[in-house]
1. Taking Ala128 and the conditions (1) under 23 Å from the mean Cα position of the chain (by Cα); (2) without any contact (Cβ under 8 Å) to a residue 24 or more places away in the chain; (3) open to solvent by 70 Å² or more (accessible area, probe 1.4 Å), which numbered condition does it fall short on, given that it satisfies the others?
2. Could you identify the single residue in Arg123, Arg159 that is among the charged types (D, E, K, R) and closer than 30 Å to Thr64 by Cβ?
3. So which residues in the stretch 72-86 are modelled with pLDDT of 95 or more and closer than 15 Å to Pro52 by Cβ?
4. Looking only at residues in the stretch 226-242 that are touching a helix residue (DSSP H, G or I) at 6+ places or on another chain (Cβ under 7 Å) and open to solvent by less than 40 Å² (accessible area, probe 1.4 Å), which one is farthest from Leu193 (Cα to Cα)?
5. Where in the stretch 19-103 are there helices (runs of 4 or more DSSP H), lying fully within it, with 1 or more residues that are open to solvent by 50 Å² or more (accessible area, probe 1.4 Å) and in contact with a Ser or Thr (Cβ under 6 Å, 6 or more places away or on another chain)?
6. Would you say Asp209 is crowded, with 21+ Cβ neighbours inside 10 Å, among the acidic types (Asp, Glu) and at negative phi?
7. Looking for whichever is open to solvent by 50 Å² or more (accessible area, probe 1.4 Å) and modelled with pLDDT under 95 here; the options are Asp222, Asp168. Which one fits?
8. Given the criteria under 22 Å from Leu17 (Cα atoms), free of Cβ contacts under 8 Å to residues at least 24 places away in the same chain and touching a Pro at 6+ places or on another chain (Cβ under 9 Å), does Ser33 qualify?
Amino acid sequence: MTFHPDLPLSQFTDLLLDAVCVVDQEGRFVFISAAGERIFGYTPEEMIGRPPTDFVHPDDRGKTEEAIGDLIGGEPKPYFENRYIRKDGSVVNIMWSARWSDDYQIRVAVARDITESARLKERLEFLALHDPLTNLPNRSLFFDRLRTALVRAHREQSRFAVLFLDLDRFKAVNDSLGHSVGDHLLRTVAQRLHQSVRQSDTLGRLGGDEFVILINGLDQPDDARVVADKVAAALSAPYELEGHTVIVSASIGIAVYPEHGEDELELVRHADHDMYQAKGYRDRTQ
């Protein structure tokens, strides 16, 4: 049985805030309710006759085509999410409830715009795994990345390093110039760290003025010292913060896998201990 365009769908569906969509057995839109224009950015007339995948975000086309196959095979999709590209180029997140009708040989789906809730969810997930001051990975995310590096290094018989760094004189800056300058300093330190390492490496802030760096793919253990020296040089340059010139340095400890530990806690403890030794040496020589 084919789809009948004279069915009085619009008398009812145009009252809905969600968009009702019908796709025929050839995979093309044959009906879109009035809410479709608000959600998709196209008028129903501009979408009818075209396949849904023409509008799906390129990164979501694979899973969308897989879901379409499941639908035609008789598996309903009550909570399927994907993204569409609106006519103005913006992205809309959509929650679909869809099923295949054997009687009419059509796919019937209801589309709900969940863009705002998706953004909120994404923001909450980001905040759960990142330091709110610097936007660097927090302890939880850093250790997760570190565990992943351990699995990869064990499988590939490769090396990586953990750098543990602490800012010298940070407390003095915070106490004398105020927390606003101290926070500004920490944000600037994070920016300089980003500029000192590769995109494949991971930065993290454990709290206070303690930062960590995961350096992936070391050829030689001594390569970690080269990175540490580069980071130390970048952080020792003067900071111009809110009308103040601030000079701090960083004490950096190094742990290399597998020489200094074979799990994440051993490696971080070794790097932490090495950092305190470096700080003690600096204090004795100043």
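The values are calculated or read from the model by the stated rules, or taken from the named source; none is laboratory data. This structure is a prediction, so every number in the text was calculated from the model and none was measured. A quick note on method: Cβ atoms are made from the backbone with ideal geometry, for glycine too, and the neighbour counts reach across all protein chains shown. These accessible areas exclude ligands, DNA and RNA; they are computed on the full protein's heavy atoms, side chains included. Shrake-Rupley method; radii C 1.70, N 1.55, O 1.52, S 1.80 Å.
1. (3)
2. Sole residue among the options that is among the charged types (D, E, K, R) and closer than 30 Å to Thr64 by Cβ: Arg123.
3. Result: Lys77, Phe80, Glu81, Asn82, Arg83, Tyr84, Ile85, Arg86.
4. Within the stretch 226-242, the subset touching a helix residue (DSSP H, G or I) at 6+ places or on another chain (Cβ under 7 Å) is 230-231, 234-235, 239, 241-242.
Subsequent filtering for residues that are open to solvent by less than 40 Å² (accessible area, probe 1.4 Å) retains 231, 234-235, 239, 241.
Details: Val231: 7, Ala234: 8, Leu235: 8, Tyr239: 14, Leu241: 17 Å.
Ranking the candidates gives Leu241 first.
5. 35-40, 61-72
6. Judged against the criteria, Asp209 is a match.
7. Asp222
8. So Ser33 does not fit the description; no.
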